[in-house]
2 protein chains.
Amino acid sequence: MSYEMLGPLRVVESAAFIAAPLAGLILAQYGADVIRVDAIGGGIDYGRMPRMPRRDGQGRSLYWTGLNKGKRSIAVDVRRPEGRELVQQLAAAPGPDAGVLLTNLGAPWLSHGVLAALRHDMVTCTIQGNGDGSPAVDYTVNSATGYPMMTGSGRDGPVNHVLPAWDVACAHHAAFLVAAVVGRRRRTGEGREIFLALSDIAFSTLSHLGVLAETEVLGQERPAIDNYLYGAFGRDFVTADGHRLMVAAISAGQWASLVEACSLSDEVARIEENSGLDLRDEAQRFEAREPIAQALEAWFAKRSRSEVETLFKAERVLFGPYRSVAELLDSDPRVSLANPVFERLDTPGIGSHLSAGAAARIPGLARAPSRPAPLLGTHTDEVLHEVLGLSGAAIGKLHDAGIVAGPERDPAAKA
Amino acid sequence: MSYEMLGPLRVVESAAFIAAPLAGLILAQYGADVIRVDAIGGGIDYGRMPRMPRRDGQGRSLYWTGLNKGKRSIAVDVRRPEGRELVQQLAAAPGPDAGVLLTNLGAPWLSHGVLAALRHDMVTCTIQGNGDGSPAVDYTVNSATGYPMMTGSGRDGPVNHVLPAWDVACAHHAAFLVAAVVGRRRRTGEGREIFLALSDIAFSTLSHLGVLAETEVLGQERPAIDNYLYGAFGRDFVTADGHRLMVAAISAGQWASLVEACSLSDEVARIEENSGLDLRDEAQRFEAREPIAQALEAWFAKRSRSEVETLFKAERVLFGPYRSVAELLDSDPRVSLANPVFERLDTPGIGSHLSAGAAARIPGLARAPSRPAPLLGTHTDEVLHEVLGLSGAAIGKLHDAGIVAGPERDPAAKA
């Protein structure tokens, strides 16, 4: 579902992989008209796994279609000067609501300088790997953040995160930057070139969370501590019937709830006496995490998940289940049509599936159904006519010359 | 460093922990006047680890000061009606640039309804755990995403991420929402109440990245595959002198570079012959990841880091080192004053340390030095005078009655 929040705004996206396409998706979900430009046949991310099964291995990518919902697609041969010129004209098209490019490809022929010569108030948001223009991706940035060394047990070396967390943060930040700079252009008439480096997002997060200062000022490095949370008490526990739950007691109130729900006050008194610690203090709870966890392990081992959940809900303990994605889809109402953030989409070449729209809930503002990710070039003719004012004959010539293409054939359509 | 990007904008923040404070920090770094309201003595996150060493355990939190850079601080006793009324008046203060509240506390006395009665075009952004108002934090949401089961080796159960990735994504999204809804208010005159749930951010990310559809449509669940990346080729390798590097070959070009740099074409031909796979295709590279990694392990084991880096840079291989935070601070120019995103701050109670400002790079737009996180209540009098127009005498009475406080004493100041 999408909201009309951003006002009339057209964004041309020339991008691949996650950060820039996800930024474009967020902008589309809040009402921007996002036109994704791809090479004829698709860019380097068009076939990324997972893909629909097809004998020739060319089934549609669930990754690409997840990231490109609600956008319009135009397919252009950008190796040829005529194709490049079309994309330049699209990006720098006239009108107060146009003139915004979102990219992570860094193509010199689509640089801010080239576009600003066509339109003085051009806005360009370029996502980079590193700020000096050198390449980096989530995996090669994350390895330098120190986080893999703090993850898991620490016994078998660093553990990479699987969620591309820096790409995701970078995408949301880029959407923020576009909203901010377009707002600024509306007030001042000025365009801007903005660069956002994935590594700057990652390393600035380390600063904001106090991780850099902890090492610089205190000379400390956070150890890998399995699934314990840092700085208070929290860990995963397994119930008698084999279900795993994450439990957290960060605030004093959450700790009191946990102690009450698990009738743990005698054990807590014993731990406090043996250790000289005051477990009402979060830092001292962190220090005593192992004896606390031992006491809780014994408690969980005697109770089923349903008993635990009943007690925890009654005392408002902060906890959550571990789930596989299948379990999440089967049994969690937060990932279902019971949640207004979700809807069913029918994506060409894929079929019907659950899909998330705009994440915010805004009472009184209408939500419109999302459109699925387009087939490549679905909107080629429409965009060339609407945005560039080309006639049917002119568009026909571009097709004949192989400068533009689309729409591609729906792989699910009958032969 | 901060930019003037958002135009005149005042945001009142009543918040704790990460998501809402980080959203406020991002807004401050792009020019908003963010006034953080705290209880006298600090809210529940004021002492979160890591803290400066002090005999009484009450040293300043490097976490809190990291998240509250560049904000103004007012300390108010919000248990008392007079204190609550002051905060309501601050949040709903008149003027086109005011009337924005950012919160994750869900206090009924600071609800949108209460504030909209004071100011019809009030904007409120409330970050929740779950969309139904039930509590959840990064740890208890993450456990349900399936990611812990895909992380690490899979042999010792699920592995939690250590980076609070959903909090971080939620923060950037909330900053986007505030920029968008304030832009909308400037155009339409309308205020809005916005809710953003941490779990909606997490589960919608699973949709956008194709993870939900992979399970729903294809019936597949991603396995835990150590530090291999999914869907192409990438993994960590150790050099002869014991340094670990992350290597990725996602695109065809990156794969060609890796094969060239490691003179691996004979090995590749052998793997292709044995397996019947075409390693130029990313999905087939993923299938053949183990024999590829074996060949690379042998190659890395014979070479020092500096040899590897020289070869990789010459061939533009996509790679990055693993670093601890100490190594990052010691030797990575991306986390130093050589990077314009970074600056040195002198934070009261902490001293001088490296700190990140706004992550974007915007040629031609001036960057101003950031201010450090304030001591609690540093701006109490200034804010009461400036925003609410209170006289010195009226402010004095509030102090005398214990309704407001500050500034607290700098713990580093001489006695």
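The numbers here are math on the coordinates, done by the rules we state, and not lab data. If you're wondering where the values come from, they're calculated on a predicted model, not measured in any experiment. So basically every Cβ, Gly included, is an ideal-geometry build from the backbone, and we count neighbours across all protein chains shown.
Listing for the model above:
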quantity	calculated
Gyration tensor verdict on the range A:33-189 (Cα atoms; rounded if a/c is under 1.5, prolate if a/b is larger than b/c, oblate otherwise)	oblate
Spherically averaged projected area of the range B:233-321 from its Cα convex hull (nm²)	4.8
Residue-averaged 222 nm ellipticity for the protein assembly as shown, from DSSP H runs of 4+ at -39500 (n - 2.57), nearest 500	-11000 deg cm²/dmol
Two-decimal log10 I(q)/I(0) for chain A, as the Debye equation yields it once each C-alpha is a single scatterer, q = 0.11, 0.12, 0.14 Å⁻¹	-0.96, -1.07, -1.28
Pair B:ALA368, A:ARG186: separation of 7 Å Cα→Cβ label points (nm)	2.3
Charge dipole (the protein assembly as shown, unit charges on Cβ, about Cα centre) - positive-most of A:GLY231, A:ALA256, B:PRO374	B:PRO374
Computed over chain A: relative contact order in percent, which uses C-alpha pairs under 8 Å that are six or more apart	20
Inter-label distance for B:HIS385 and A:LEU218, nm, one decimal - labels placed 7 Å from Cα along Cα-to-Cβ	3.7
Size of electric dipole in the range B:154-209: Cβ of Lys, Arg +1 and of Asp, Glu -1, about Cα centre, debye, nearest 20	360
Nearby lysines by direct alpha-carbon distance to A:LYS313 (threshold 22 angstrom, same-chain neighbours under 8 apart not counted)	A:LYS302
Filtered trypsin sites (Lys or Arg not before Pro), the range B:370-415: DSSP coil and at most 14 other beta carbons within 10 Å	B:ARG409, B:LYS414
Calculated from backbone phi, Karplus (6.51, -1.76, 1.60) coupling profile of the range A:229-245 in Hz, x at Gly/Pro	8, 7, x, 7, 10, x, 5, 8, 9, 10, 7, 4, 9, x, 9, 9, 10
Inverse mean reciprocal Cα-Cα distance (Kirkwood Rh) of the range A:80-152, Å	14.3
Over the range B:245-294: Rg over Rh, Cα atoms, Kirkwood Rh	0.91
A:ASP410/A:TRP109 FRET efficiency (R0 35 Å; Cβ-Cβ; nearest 0.05)	0.65
Cα gyration tensor shape of the range B:1-84, rounded if a/c is under 1.5, else prolate or oblate by comparing a/b with b/c	oblate
Largest-first principal axis extents, alpha carbons of the range B:142-234, Å	56, 30, 24
Sparsely packed trypsin sites (Lys or Arg not before Pro) within the range A:34-66, loop by DSSP, other Cβ within 10 Å at most 15	A:ARG54, A:ARG55
Mean projected area in nm² (Cα convex hull; one quarter of hull surface) for the protein assembly as shown	35.7
Estimated FRET transfer efficiency when R0 is 45 angstrom, pair B:MET49-A:ALA240 (beta carbons, to 0.05)	0.85
Exposed GluC sites (Glu not before Pro) absent: longest stretch of chain A, with sites in DSSP loops and at most 16 other Cβ within 10 Å deemed exposed	A:222-415
Chain B: angle of helix B:19-29 to the longest principal axis, Cα-based, in degrees nearest 10	80
Principal-axis tilt of helix B:305-315 within chain B, Cα atoms, nearest 10 degrees	90
Cut-off under 5 Å, modelled amide H: who pairs with A:ASP45 long-range	A:PHE17
Cβ-placed point charges (K, R +1; D, E -1), dipole of the protein assembly as shown about Cα centre in debye, nearest 20	1500
From phi via Karplus (6.51, -1.76, 1.60), per-residue ³J(HN,Hα) for the range B:325-342 in Hz, x at Gly/Pro	5, 5, 5, 4, 5, 6, 9, 9, x, 5, 10, 6, 5, 5, 9, x, 6, 9
The range A:142-246: trypsin sites (Lys or Arg not before Pro) in DSSP coil with no more than 11 other Cβ atoms inside 10 Å	A:ARG155
Under the Karplus curve 6.51 cos²θ - 1.76 cosθ + 1.60, θ = phi - 60°, whole-Hz ³J(HN,Hα) for the range B:191-204, x wherever Gly or Pro sits	x, 7, 9, 10, 10, 9, 9, 3, 5, 5, 4, 5, 6, 5
Angle in degrees between helix B:81-91 and the longest Cα principal axis of chain B, rounded to the nearest 10	60
Built amide H within the under 5 Å cut-off of B:ILE225, gap 5+	B:GLY152
